[in-house]
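Each remark here refers to the structure printed beneath this line.
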Amino acid sequence: VHAAITIQRAYRRYKEKKEEKRNSAKVAQQKNLALKSQKSKQDLARKSSNISQSKPVAKKQKFEDIVHAAITIQRAYRSYKKKKEEKRNSAKLAQQKKLTIKSQKSRQDLTRKSQNISQSKSVTKKQKFGDIVHAAITIQRAYRRYKEKKEEKRNSAKVAQQKNLALKSQKSKQDLARKSSNISQSKPVAKKQKFEDIVHAAITIQRAYRSYKKKKEEKRNSAKLAQQKKLTIKSQKSRQDLTRKSQNISQSKSVTKKQKFGD
C-alpha cells in the first residue's frame, strides 16, 4: 500500500511538471508566431508602399492581391495550428492511456505481490514454527548424547586413574617389602664396617677441602703480587716519562735563553 501511494504521488508530480513544460512551450510558440505575423505584416506593408510608390496605376489590382494573399496565409496558418493541436491532443490521449495501463498493471502487480507475500508469510509462519520445534528437539537430543558421552569419558578416565594408582601402590609396597627383606637378610657384622667407611669418607672430604682452600689462597696471593708488580712498573714508567719531559723542557728553555742573549 505504501509503495502504491508513493508511485501515485510520483506519477502526479511527473504529470504536473510535464503540463507546466507544455504550457511554457505553448506560450513560447505563441510569442514566436505573433512575432512572425507582425514581421510578415510589416513586410507586406513595406512591399505595398514600395509598389504604390513605383506604379500608381496598378494600386487596385495589387491591393486586392495582397488582401487575397493575406487571407490565404491566415487560412493556412489556422489549418496548421488545428492540425498541430490535434496531434498534441492525440499524443496526450495516447500517453494518458499508456500511463493508465501502466498504473493499472503496477496496481495489479502490487496486489498480486501483496497477496503472494501474505500467503507466503502465512505458509512460512506455519513452516517456521514446525521447523523451530523440530530444530529444538534435535538440539536437545544432540546435547543429551554429548552429555552422556562426556560423562562416560570422565568415568572411564577415573577408572583408569584408579587402576594406575592401585598398580603403583602395589609396586611400591612390593619394592618396600623387597628392600626390607634384603636389609633383614644382610649381616649385622657390616654395621661396624659401614661406620668406619663413613669416618674415612669424612676425613678424605676434609682433607680435600683443606687442599682446595690452600690452593685458592695461593692463587689470590699470586694475583695480588702480579697486580702490585704491574702497578710498580707503571709508576716507574710514569716517573721516567716525567723526568724526561722535565729535562727536555729545561733544555729547550736554556737554548731559547742563549739565542736571546746572542741576539
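The values are calculated or read from the model by the stated rules, or taken from the named source; none is laboratory data. Predicted, not measured: the structure shown is a model, and the values here were computed from it. Methodologically, a virtual Cβ is constructed for each residue, glycine included, from the backbone with ideal geometry; neighbour enumeration extends over all protein chains shown. Surface areas here come from the heavy atoms of the whole protein model, side chains and all, with no ligands, DNA or RNA. Shrake-Rupley method; radii C 1.70, N 1.55, O 1.52, S 1.80 Å.
Between residue 62 and residue 20, residue separation times 0.36 nm minus the direct Cα-Cα distance comes to 10.6 nm. In the structure displayed, which of 224/253; 39/97; 15/82 lie more than 32 Å apart, Cα to Cα? Distance filter (> 32 Å) returns 224/253; 39/97. Computed from backbone phi with θ = phi - 60° and the Karplus coefficients 6.51, -1.76 and 1.60, the 3J(HN,Hα) list for the range 139-148 is 5, 4, 4, 5, 5, 4, 4, 4, 5, 4 Hz; x is used for glycine and proline.
Are any of the pairs 18/105; 36/84; 21/47; 31/102; 147/168 more than 27 Å apart by Cα-Cα distance, and if so, which? Don't skip to the end; give the middle numbers.
On the way: 18/105 22 Å; 36/84 17 Å; 21/47 39 Å; 31/102 36 Å; 147/168 32 Å.
In this structure, 21/47; 31/102; 147/168 exceed 27 Å between Cα atoms.
Provide the per residue accessible area, probe 1.4 Å, for the range 66-117, rounded to a whole number of square angstrom. Before the final figure, lay out the partial values.
Working: 4520 Å² over 52 residues.
Accessible surface, normalised per residue, equals 87 Å².
Coupling constants for the range 219-225 follow from the phi torsions by the Karplus curve (6.51 cos²θ - 1.76 cosθ + 1.60, θ = phi - 60°), and in residue order they are 4, 5, 5, 5, 5, 4, 4 Hz; glycine and proline get x. The phi torsions of the range 35-49, fed into the Karplus equation with coefficients 6.51, -1.76 and 1.60 and a -60° offset, translate into couplings of 5, 5, 5, 4, 5, 5, 5, 5, 5, 5, 5, 5, 4, 5, 5 Hz, rounded to whole numbers, with Gly and Pro shown as x. In this simple spin-label approximation, residue 226 and residue 134 carry label points 7 Å from Cα along the Cα→Cβ vector, and these lie 9.2 nm apart.
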